[in-house]
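The values are calculated or read from the model by the stated rules, or taken from the named source; none is laboratory data. Because the structure is a prediction, the values reported are computed rather than measured. We place every Cβ from the backbone using ideal geometry, glycine too, and count neighbours over all the protein chains shown.
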Amino acid sequence: MKYRSVFDIIGPVMIGPSSSHTAGAARIGLVARQLFQKEPTWVDFHLYGSFAKTYQGHGTDVALVGGILGFETFDERITEAMKIAKARGIAFSFHEEEAQLDHPNTVKIRLGDEKQEMELVGISVGGGKVEIKELNGFELRLSGNHPAILVVHNDRFGAIASVSTILAKHEINIGHMQVSRKDVGKEALMVIEVDQNISHEILQEVEALEHVEKVTKIHE
């Protein structure tokens, strides 16, 4: 096995006892917050496998709430996340699910406010690393460990090429790209992981494209 840095061996800088159950959970919560693009008023956490069995003892619950609040894995405020969330008026609940999924450290997060809702499924793969497996019914594979943009668009000829052209024009290198759709000619999703953060101006340029409905940014 090849390691890219010493942090792949000793694990992430974090608050909590477990890289899988604490740092990974905080990262999943943070990705959910970034995708929702604002602070929600309510959150439901559905826990599966070992997450469901040990989430209180390993700090998975406070880590998930901390991520939703926008805290990084090393933020000391994570230990007070539930108290902070309640003070901000965020209602949250935890549900222990009995279904056996492919990965033992799995959480489904449903969150929203009076205007919109979002549903996300994430797994903690170890060492603080995560994968987002599903977003609002779209299957995907998003690490959450690299800058990325998610582009919701109509499934039309040339849509993917037009987004790639803008990124190439601004010398943005694509590390990984995945496209999924609900049906031919219907709503589709591009997940593009890149090597550097993308500016707000470039995001606006992508969002102005024909057939593009929404662009969301995730950063390290």
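In the stretch 132-153, how many are farther than 13 Å from Met190 by Cβ, modelled with pLDDT of 90 or more and touching a Lys or Arg at 6+ places or on another chain (Cβ under 6 Å)? Total meeting the criteria: 0. Checked against the criterion of being at pLDDT 95 or above and not hydrophobic (A, V, I, L, M, F, W, C), the stretch 47-65 contains not a single residue that satisfies it. Report, by residue number, each residue of the stretch 97-111 that is touching a helix residue (DSSP H, G or I) at 6+ places or on another chain (Cβ under 9 Å) and either polar (S, T, N, Q) or more than 18 Å from Ala26 (Cα to Cα) (or both). Listed by number, the residues that qualify are Glu97, Glu98, Asn105, Thr106. Here is the figure for the stretch 77-100: residues that are assigned to a loop (DSSP other than H, G, I, E, B), surrounded by 15 or more Cβ atoms within 10 Å (Cβ to Cβ) and modelled with pLDDT under 95 total 1.
If you filter the stretch 113-125 down to residues that are of a type outside the set (Asp, Glu) and over 15 Å from the mean Cα position of the chain (by Cα), you find that the one that is nearest to Thr60 (Cα to Cα) is Gln116.
Restricting attention to the stretch 183-206 and to residues that are surrounded by fewer than 16 Cβ atoms within 10 Å (Cβ to Cβ) and part of a helix (DSSP H, G or I), the residue that is modelled with the lowest pLDDT turns out to be His200. On inspection, Asp195 does not qualify as touching a Lys or Arg at 6+ places or on another chain (Cβ under 6 Å), among the charged types (D, E, K, R), farther than 19 Å from Gln37 by Cβ and touching a residue at least 12 places away in the same chain (Cβ under 8 Å). Scanning the stretch 165-182 for residues that are of a type outside the set (A, V, I, L, M, F, W, C) and either in a strand (DSSP E or B) or touching a residue at least 12 places away in the same chain (Cβ under 8 Å) (or both) yields His170, Asn173, Gly175, His176, Gln178, Ser180, Arg181, Lys182.
Hey, does the stretch 178-194 have a residue that's touching a Pro at 6+ places or on another chain (Cβ under 8 Å), of a type outside the set (Gly, Ala, Ser) and over 24 Å from His46 (Cα atoms)? Within the stretch 178-194, one or more residues are touching a Pro at 6+ places or on another chain (Cβ under 8 Å), of a type outside the set (Gly, Ala, Ser) and over 24 Å from His46 (Cα atoms).
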